[in-house]
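The values are calculated or read from the model by the stated rules, or taken from the named source; none is laboratory data. Just so it is clear, the structure is predicted and the values come from calculations on it, not from any experiment. Every residue, glycine among them, receives a Cβ derived from its backbone with ideal geometry; neighbour counts consider all protein chains shown.
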Amino acid sequence: MLQSNAHAAREAAVQTTRYQQAAKAVQATAQKASQAAGRALRAILSAARSLAAAMMAGGSTVLSMVLVICLIGLLVASPFGIFFSGEDSGTRYTMPEAVTMLNTEFTDRIEQIKAENPHDELDMDNAGSAAMISNWRDVLAVYAVRTTTDASSPDEVATLTEEKLDILRQIFWDMNAISYWVETISGDKDESDTVILHITVTVKDHLQMADEYRFNAEQHKLLEELMQPEYQELFAALTGSYQDIELSPDEVAKIMENLPADLSEARREVVLTAYQLLGRVHYFWGGKSLVIGWDSRWGMPMEVTAEGSSTTGTVRPFGLDCSGMVDWVFYNQSGGQYVIGHGGGATAQHSYCTPIAWSDAQPGDLVFYPGDSHVGIVCGFDSGGNIMIIHCASGANNVVVTGKEGFTAVSRPFYYSK
């Protein structure tokens, strides 16, 4: 009996020691967070690992849960709480929705300037076109640090209220200021004057804003940590510049139901790759992308610079046009080894194909409007045997699956005979 009691006492002592160590780890993490020391997130995760080891050894479930809650609380209350803001917390906004809203406000402001200032030529500098709002990660990092460490009224950034949206909006505009001026060049005797509208976007990064907002040393350390490369994908998820486009097993199975059983592997992969973009990428005149996987530019406001569209000169969410979507599909299916358009558009893509009859069409073949004004990919057959086409359509402003209406020619890419 005495031996049994002694053994129980030793076990209890060991158990107590484990939890004391875990508690010390949590306390140490809390101290680091409160001091705004660098590497805060890793310190919290390190403490979590200590706690997990203690939990694995067995013990009080209640104590374990209390410690877990403490760890989560520390994380949410820190600037790293920004990574929780993508979920609906019942406060009306999520961070991706806020990003979309501010992107729209930015685009609307540029269009307003254009409309209010009649001009013959538009001069929009690089920051106002291809590089538009390229600093969202910097914006969110500055917002997270400034809000959670505010000397007068610190607040968490895991949720997004109307008040915090106003703070984010102010930081956004401080870091993406739009200015413009109008220049009139006098014409010769037989020529009229030329009015040029110049639009400039002054883009600032996190370091510039840290100086402008007079961050202290501790705030600088937290900001430096948030800008580490390992958090890039987390920020991209918040800004909508990253999406997991991998198809689920259920999605693949549903697509396969519409494909012939004897379809070649290359054709099957082309179709599955095309379906990765279904409903995810906006139509953008002249939009091209030779990026493996998701292109972080998609969804970001950019000026349409390609000539020949009613949208030319406007600012829209970046995406793909019809031939750009086809190029992306074959480029990704081939692991970056093949661009079916060889640098051209739908006409070039058509030239690298062999004309075939509709009755011979297989999934993976290309289809064209008259004059090669539009292109799509055969992606299967419905239950009635009717051909299905996946394409990036301007009318739908997205990648869609439709019937063959409008398509008058079908061709087989040389790619399959390589």
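Among the residues of segment 363-377, the ones that are under 29 Å from the mean Cα position of the chain (by Cα) and farther than 16 Å from PHE414 by Cβ come to 2 in all. Picking from residues in segment 251-271 that are among the acidic types (Asp, Glu) and in contact with a helix residue (DSSP H, G or I) (Cβ under 8 Å, 6 or more places away or on another chain), the one that is surrounded by the fewest Cβ atoms within 10 Å (Cβ to Cβ) is GLU251.
Of all residues in segment 148-159, those being touching a residue at least 40 places away in the same chain (Cβ under 8 Å) and touching a helix residue (DSSP H, G or I) at 6+ places or on another chain (Cβ under 6 Å) number 5.
Looking only at segment 369-383, count every residue that is outside any strand (DSSP E or B) and either at pLDDT 95 or above or touching a strand residue (DSSP E or B) at 6+ places or on another chain (Cβ under 8 Å) (or both) and tell me the total. Qualifying residue count, segment 369-383: 7. If you check GLY403, GLY341, GLY364, GLY371 for being in the same structural domain as VAL270 (by TED's automatic domain parsing), free of Cβ contacts under 8 Å to residues at least 24 places away in the same chain and surrounded by 14 or more Cβ atoms within 10 Å (Cβ to Cβ), only one passes: GLY341.
Name the residue, out of ALA177, ALA274, ALA253, ALA237, that is closer than 28 Å to PRO96 by Cα and modelled with pLDDT of 95 or more. Just a single option satisfies the conditions, and that option is ALA274.
Entry remark, segment 160-196: residues being in contact (Cβ under 8 Å) with a residue 60 or more places away in the chain and either in contact with a helix residue (DSSP H, G or I) (Cβ under 7 Å, 6 or more places away or on another chain) or in a loop (DSSP other than H, G, I, E, B) (or both) number 9 in total.
This table checks each residue for (1) farther than 30 Å from MET101 by Cβ; (2) in contact (Cβ under 8 Å) with a residue 60 or more places away in the chain.
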position	(1), (2)
SER296	no, yes
THR305	no, yes
TYR331	yes, no
CYS353	yes, yes
